[in-house]
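Everything on this sheet refers to the single structure shown next.
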Amino acid sequence: MRTPFTVRLFSNLPASARIALALFALAAFVWVPVAHLVLPAEHALHLSGYWVSLLGKILCYMIVAVAMDLIWGYAGILSLGHGMFFALGGYAFGMYLMRQIGRDGSYGSDLPDFMVFLAWEELPWYWAGSDSFLWTVFLAMAVPGVVAFIFGWFAFRSRIKGVYFSIITQALTYAAMLLFFRNETGFGGNNGFTDFKRILGHSITSPEMRVTLFALSALLLIFCLLLGRYLVTSRFGRVLAAIRDAESRVMFIGYNPLHYKLFIWTLSAVLCGLAGALYVPQVGIINPSEMSPANSIEIAVWVAVGGRGSLIGAVVGAGVVNLAKTWFTVTVPEYWPFMLGFLFIAVTLFMPQGIVGLVRKLFSRRRAQPADEKPADDTPTTPAADAADESTQTRDPLARGA
């Protein structure tokens, strides 16, 4: 009997990870709704709407960090253009939100206000179906996915990698940003989309909608972590790690890296698009600045700070950096770029495995100390046993990282 996919997602999780996920789910689906909707504003544990939206926004950033870690940490592909996929998902959902305004806009027209201001007489063809919620959700996944697939097909087929791939992705997001800045594209120019009113007929600023968007962000983050864990611990993940470490040797033993790299690259873009779709209604605006190369570089910094090659590290990095950014931009905004640069340099020099790597290192040292005090194992070994161990280690080249 075939094991259901949802069961397989949880089956390979260690006990500590299951406990952590359960605590996170308890906080996201029980504590936050109760603290925001039930507790009165004067209560010490009340969570204001500002904090619910801020935490929901950071959850979206964590999803993007996990998506980035899948391709950078496990496939060795450094993208400096993931902000574009994030923004494409945001724009797809922004189109739906603009249609939901209806005639409540400043001009009382069926067209979005910016189109009336620019003397547009009808919606462009690519806005067709944008008033449908399900079609919009599909677009938020399909548009980043198709763009990533086409770009990745040509890039990976041409064996473009390393710094050249990073530069091309940065040029791609910069070109997209310039395109979306133009009023002729029908995406609101430099102002983008804003002044959203409702989702599925419900006010977008109501406390219930804030909590719903927050819970959906938390649910998507849990799904991304489970899916990521399932992929990186599967045979697919071992091949991906082997491609990262020695692509030529993987090709020599009969694997085609194109398919593996293209799949994880496209999946990463789709996850970013979904995160962008959840991000836009929580912050209330989407504009071309989300596609700026600086934003994409910042995504890489999140993963580096948390720990590249660790899914939980990406989550921790996105949380730490964005909470610090929130504090800096409120108190001393002019120092944030310097702080971000210092943080990246410090992590590169002193914590190459990030925060999670440092914590693991400290715990491993703590566990090693009692072991050092124990008498050494004096079990005699035989040449036959040594030969058997060596044979086991060399039998599967993928287990050795190819």
Would you mind stating whether residue 169 is closer than 28 Å to residue 32 by Cα, outside any loop (DSSP other than H, G, I, E, B) and under 23 Å from the mean Cα position of the chain (by Cα)? no
Would you confirm whether or not region 10-21 contains a residue that is over 14 Å from residue 224 (Cα atoms) and of a type in the set (D, E, K, R)? yes
Across region 118-133, what is the total count of residues that are assigned to a helix (DSSP H, G or I), open to solvent by less than 70 Å² (accessible area, probe 1.4 Å) and closer than 16 Å to residue 187 by Cβ? 2
In region 321-335, the residues that are hydrophobic (A, V, I, L, M, F, W, C) and part of a helix (DSSP H, G or I): 321, 323, 324, 327, 328, 330
If I filter region 18-25 for residues that are over 20 Å from the mean Cα position of the chain (by Cα), outside any helix (DSSP H, G or I), at pLDDT below 95 and over 21 Å from residue 279 (Cα atoms), do I get at least one hit? no
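Here's the yes/no breakdown for (1) closer than 30 Å to residue 297 by Cα; (2) free of Cβ contacts under 8 Å to residues at least 24 places away in the same chain; (3) not in a helix (DSSP H, G or I):
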{"site": "13", "(1), (2), (3)": "no, no, yes"}
{"site": "28", "(1), (2), (3)": "yes, no, no"}
{"site": "31", "(1), (2), (3)": "no, yes, no"}
{"site": "52", "(1), (2), (3)": "yes, no, no"}
{"site": "59", "(1), (2), (3)": "yes, no, no"}
{"site": "65", "(1), (2), (3)": "yes, no, no"}
Hey, among the residues in region 38-62 that are surrounded by 16 or more Cβ atoms within 10 Å (Cβ to Cβ) and not hydrophobic (A, V, I, L, M, F, W, C), which one's farthest from residue 205 (Cα to Cα)? 61
When both residues are 6+ apart or on different chains and their Cβ atoms are under 8 Å apart, which pairs have a first residue that lies in region 218-237 and is touching a residue at least 12 places away in the same chain (Cβ under 8 Å) and on the phi > 0 side of the Ramachandran plot, and a second that is surrounded by fewer than 17 Cβ atoms within 10 Å (Cβ to Cβ) and in a helix (DSSP H, G or I)? none
Do we have any residue at all in region 281-296 that's β-branched (Val, Ile, Thr) and not in a helix (DSSP H, G or I)? yes
How about region 78-117: which of its residues are surrounded by fewer than 22 Cβ atoms within 10 Å (Cβ to Cβ), outside any loop (DSSP other than H, G, I, E, B) and among the small types (Gly, Ala, Ser)? 102
Picking from 35, 65, 75, which residue would you name as being touching a Leu at 6+ places or on another chain (Cβ under 6 Å), crowded, with 18+ Cβ neighbours inside 10 Å, under 30 Å from residue 262 (Cβ atoms) and not β-branched (Val, Ile, Thr)? 75
Filter pass, residue 170 being open to solvent by 30 Å² or more (accessible area, probe 1.4 Å) and under 15 Å from residue 290 (Cα atoms): yes
Pairs please, first residue from region 312-334 and in contact (Cβ under 8 Å) with a residue 60 or more places away in the chain, second anywhere and surrounded by 18 or more Cβ atoms within 10 Å (Cβ to Cβ) and hydroxyl-bearing (Ser, Thr, Tyr), Cβ atoms under 6 Å, 6+ apart in sequence or on different chains. 318/61; 322/61
Within region 146-167, considering residues that are touching a residue at least 12 places away in the same chain (Cβ under 8 Å) and more than 20 Å from residue 244 (Cβ to Cβ), the one most open to solvent (accessible area, probe 1.4 Å): 149
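A quick yes/no check of all residues on (1) at pLDDT below 90; (2) within 34 Å of the chain's Cα centre (by Cα); (3) hydrophobic (A, V, I, L, M, F, W, C):
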| residue | (1), (2), (3) |
| --- | --- |
| 95 | no, yes, yes |
| 108 | yes, no, no |
| 125 | no, yes, yes |
| 128 | no, yes, yes |
| 131 | no, yes, no |
| 134 | no, yes, yes |
So residue 285 clears everything in (1) open to solvent by 30 Å² or more (accessible area, probe 1.4 Å); (2) closer than 30 Å to residue 20 by Cα except one condition, right? Which one? (2)
Search result, residues across region 340-361 that are open to solvent by 60 Å² or more (accessible area, probe 1.4 Å) and either hydrophobic (A, V, I, L, M, F, W, C) or in contact with a Phe, Trp or Tyr (Cβ under 6 Å, 6 or more places away or on another chain) (or both): 342, 344, 345, 349, 350, 358, 359
Residue 254 meets each of (1) open to solvent by less than 50 Å² (accessible area, probe 1.4 Å); (2) assigned to a loop (DSSP other than H, G, I, E, B); (3) not polar (S, T, N, Q) with one exception, condition (1)
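The values are calculated or read from the model by the stated rules, or taken from the named source; none is laboratory data. Here the structure is a predicted model, which means the values were calculated and not measured. Don't worry about glycine lacking a Cβ; one is built from the backbone with ideal geometry, like all the others, and counts go over all protein chains shown. Only protein heavy atoms, including side chains, enter the accessible area calculation; ligands, DNA and RNA are left aside. Shrake-Rupley method; radii C 1.70, N 1.55, O 1.52, S 1.80 Å.
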